[in-house]
Amino acid sequence: MTAAVAIAAAYSVVVAGILLYLRRVHRRLREVEADMHALQSDAGPREPLTVR
Amino acid sequence: MPHPGGVAAEAHGLARRFDRNVALRPLSLSLPAGAVLLLVGPNGAGKTTLLRLLATSLRPTAGRAAVFGWDVVRNADAVRRVCVYVGTSHGMYEGLTAQENLAFAAAMGGKGDTARAALERVGLTGVGHHPVRTFSTGMKRRLALARAWLLEPRLLLLDDPFSALDADGMGLVDDLTAHVKSTGGSVILATHEWERGVRLADMVVGLAEGRQVATASAAEVTPPRLRALAGGRT
Amino acid sequence: MKALPWLGGAALVLLAVGLYIGLVGSPPDVFQRDYVRIMYMHVPSAFVAYLAVATVFVTSILYLWRGRESYDQIAHSAGELVTLFTAVALGSGMIWGKAVWGTWWTWDARLVTTAVLFLIYVGYLLIRELAEDRRRGARLAAVIGIIGALDVPVIHYSVVWFRTLHQPASIARGDIQMAPPMVAALMINLVAFSFIYVYMLLTRLRLERLEAARAAAELSP
Amino acid sequence: MSAWQRAAALARKDLLLEWRGRETITAMAVLALLVVLLLGFVIGADPARAPAITWVALALAAMLGVTRPTQAEIEQQALETLLLYPGSREHIYWGKWAAILVQLTVLLGMLLVVQGVLFNVDLWPKLPALLGVGLLGIVGLATLGTLFAGLVIHVRGRELLMPLLLLPVALPVVLAAVRLMEVVMTGGPGGLVWFGVLAAFDMLFLLVAPVLYDVVMEEA
């Protein structure tokens with residue numbers, strides 16, 4: 001393995017790990033924000049609860 | 001401490017949920033010492049949750065409760081000293097004999113070893129040295145009552161105590177209730193056998209879907225009303 | 001949370017400076033030659049992993065002690081970052097090992113400790129997932145978070161001594177002679193990664209808070 | 001009722017139940033024996049490998065056995081009853097801990113004999129030292145094992161999680177005990193360091209685990 005390849009591979013592992021993680025967090029953030037928006041707009045007397 | 005001997009159990013806005021499942025919605029009650037409370041309601045009404053909250057087995061998600069003035073969260077240990085919960089499972093070790101089970105309970109509860117006397121109370125003297133594994137369901141329930149007897153509770157919580165018991169066995173529940181009452185203690189009884197339960201009770205609380213739907217003295221509740229409450233209708 | 005983009009920007013600038021010195025402005029190592037440059041990403045990753053372990057430790061204790069939800073939210077976010085950064089440290093470390101010594105796994109004490117740490121924090125996250133209710137999961141996870149962090153030094157030293165006290169380590173790291181630009185590159189990247197860590201922690205924390213708010217909103221109609 | 005008496009009553013109960021069935025000790029002994037036989041055969045019964053093989057077997061068997069006393073409470077639906085007796089839950093921790101310690105000690109004794117026979121090690125003169133080392137290691141396994149046993153019963157998957165939690169965290173116990181046993185058997189250097197590691201591990205978690213047990217056992 002040449003130095004350039006090794007450095008590139010090692011750096012990509014770190015950068016890819018961080019970016020993939022951040023992307024996943026951002027996607028979930030958008031989902032939650034959309035849900036919250038929907039909850040606020042159709043706030044009405046609804047009962048999504050199960051009772052035990 | 002607020003009036004020891006005055007109020008056996010009290011709750012203010014007591015509630016519990018399990019994540020999204022609401023088991024008990026804010027409930028308030030006050031049970032004087034020496035009184036017997038009957039809890040009625042269909043399956044899933046929140047009876048067991050209320051008993052377990054008072055027994056310190058569960059922690060409330062809202063509100064507060066106290067047993068003889070002791071808060072169930074902050075003074076849980078003091079509550080455990082005076083309160084005994086007999087749940088729907090008998091809580092006995094199948095591999096031990098009846099006698100050994102009760103001796104263990106006495107040791108853990110910090111009581112003297114009165115296993116023999118307790119066994120006699122529930123009519124199990126003859127099988128005291130048999131492993132609980134060989135017992136019928138009714139005999140195990142009797143043994144659970146013997147455990148409660150031995151621990152001398154000031155507040156006794158009985159969850160569905162009449163199930164699997166024969167006529168004599170049911171009489172034992174009556175005896176135990178009368179015994180606790182005679183020592184100035186209180187009993188809370190959750191049962192579907194409301195006709196039997198109401199005869200012991202001074203107070204009735206009806207629960208449905210986690211809501212407190214009725215609170216009344218036992219004398220003023222009519223049988224049709226009680227049947228409706230037990231069925232979850234208000 | 002207004003500061004978040006600034007924080008991210010500062011981290012990127014620092015990282016660019018650090019990497020420039022690391023890749024261009026610093027000399028190759030006598031023993032490891034250019035391979036030593038892997039260090040500028042590998043070591044900060046491992047460092048951040050330990051930073052996250054410390055965060056989990058402190059916030060877990062605070063959560064059990066004070067019972068405030070927000071401590072648990074930080075602990076959960078940091079717990080995820082422990083697994084992420086131990087994983088990337090392991091990955092880059094293995095590539096480093098393969099390049100310099102021709103083997104993916106060198107049974108080096110740091111690698112083994114990092115691997116064990118990764119496994120402990122996988123358990124930490126699993127406990128949360130598998131618990132029957134959120135609050136209980138939070139408390140059980142806090143227990144693992146405390147035990148795991150206390151265990152880190154014990155694991156590290158037992159692993160180091162296990163290999164070195166009885167037989168000399170078969171593959172020595174080869175002492176890296178750190179020239180001043182190398183030290184500078186490493187230090188700048190450590191700071192840059194710390195900024196990245198805080199940025200990621202705050203982003204993840206925001207998600208955690210919004211999810212809690214969503215759960216609360218669904219609960220109280 | 002003192003703490004000590006409550007813990008003793010619980011340990012006595014657990015051991016009595018175990019004595020009547022002997023399921024746990026049998027399962028642990030069989031697993032440990034299998035591991036020793038398998039590793040001894042596959043990698044060779046060189047006396048120098050005996051400590052490592054013994055401790056891998058012991059750790060795996062402990063992982064299997066430490067959940068039993070707590071799991072039994074769940075199976076008998078007795079956990080809630082147990083938790084509602086007055087007094088600190090640390091007493092319950094110590095009771096379970098003692099019951100596990102006794103069982104692991106029996107297992108250790110058996111494994112030492114097995115080691116002497118299968119690996120042709122003359123351990124009789126060194127038996128007290130080996131037992132001492134073993135006990136230090138077992139205390140570490142029991143201390144965390146008892147805590148984790150209480151922890152895993154509250155989640156789905158229960159015992160499946162046990163290896164994942166116990167083995168990485170208890171790694172120092174295995175490493176230190178292996179080296180310390182080697183030192184005892186061959187008289188090499190480094191005994192003090194490993195004694196220190198084991199003692200530090202034991203003391204650290206003997207202090208912390210009972211406190212955290214209270215957190216784990218908050219609700220039945």
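Throughout, read-outs are computed from the coordinates displayed, never taken from laboratory work. Bear in mind the structure is a predicted one, so any value in this text is a computation, not a measurement. Because the Cβ atoms are built from the backbone with ideal geometry, glycine has one as well, and the counts that use them run over all protein chains shown.
Structural remarks
- Whole-Hz Karplus values for the range B:117-132 come out as 4, 5, 4, 5, 3, 9, x, 10, 4, x, 10, x, 9, 8, x, 4 Hz, taken residue by residue from phi with 6.51 cos²θ - 1.76 cosθ + 1.60 and θ = phi - 60°; glycine and proline positions read x.
- For the options C:G18, C:G102, C:G148, a Gaussian network treatment of chain C with springs between C-alpha atoms closer than 10 Å singles out C:G102 as fluctuating the most.
- Compared with the rule-of-thumb size 2.2 N^0.38 Å for a compact globular protein, the range B:136-199 has a Cα radius of gyration ratio of 1.02.
- Within the protein assembly as shown, antiparallel bridges make up roughly 55 percent of the DSSP beta bridges whose residues both belong there.
- The 3J(HN,Hα) values that the Karplus relation (6.51, -1.76, 1.60; θ = phi - 60°) gives for the range B:67-72 are, in residue order, 10, 6, x, 8, 5, 6 Hz. Gly and Pro appear as x.
- Taking Cα centre as origin and charging only the Cβ of basic (Lys, Arg, +1) and acidic (Asp, Glu, -1) residues, the dipole magnitude of the protein assembly as shown rounds to 820 debye.
- Sequence-distant residues sharing a close amide H with B:A208 (under 5 Å, placed H): B:V213
- Size of charge dipole - chain C - debye, nearest 20, with Cβ of Lys, Arg +1 and Asp, Glu -1, no other charges: 220
- Zone residues, the range C:77-102, relative to A:A16, backbone N less than 15 Å from point 7 Å out along Cα-to-Cβ: C:87-96
- Over chain D, relative contact order from alpha-carbon pairs under 8 Å, at least 6 apart, %: 27
- Comparing D:L82, D:L112, D:L135 in a Gaussian network model of chain D, where Cα atoms under 10 Å apart are tied by springs, the biggest mean-square fluctuation is seen for D:L82.
- Sites D:D214 and C:L125 - FRET efficiency at Förster radius 25 Å, r taken between beta-carbons, to 0.05: 0.60
- Extreme residue, positive dipole direction of the range D:3-217, given options D:G191, D:I43, D:F148 (C-beta unit charges): D:F148
- Hydrodynamic radius (Kirkwood) for chain B, which is based on Cα pairs only, to one decimal in Å: 17.9
- DSSP-loop trypsin sites (Lys or Arg not before Pro) across the range D:115-220, with at most 13 other Cβ within 10 angstrom: D:R156
- Rg over Rh, two decimals, the range D:3-217 (C-alpha only, Kirkwood Rh): 0.98
- In the range D:76-163, Cα pairs under 8 Å separated by at least six residues give a relative contact order of 31 percent.
- Karplus 3J(HN,Hα) series, Hz, for the range D:214-219 with 6.51 cos²θ - 1.76 cosθ + 1.60 (x for Gly, Pro): 4, 5, 5, 9, 4, 10
- Kirkwood Rh, Cα atoms: Rg over Rh of the protein assembly as shown: 1.04
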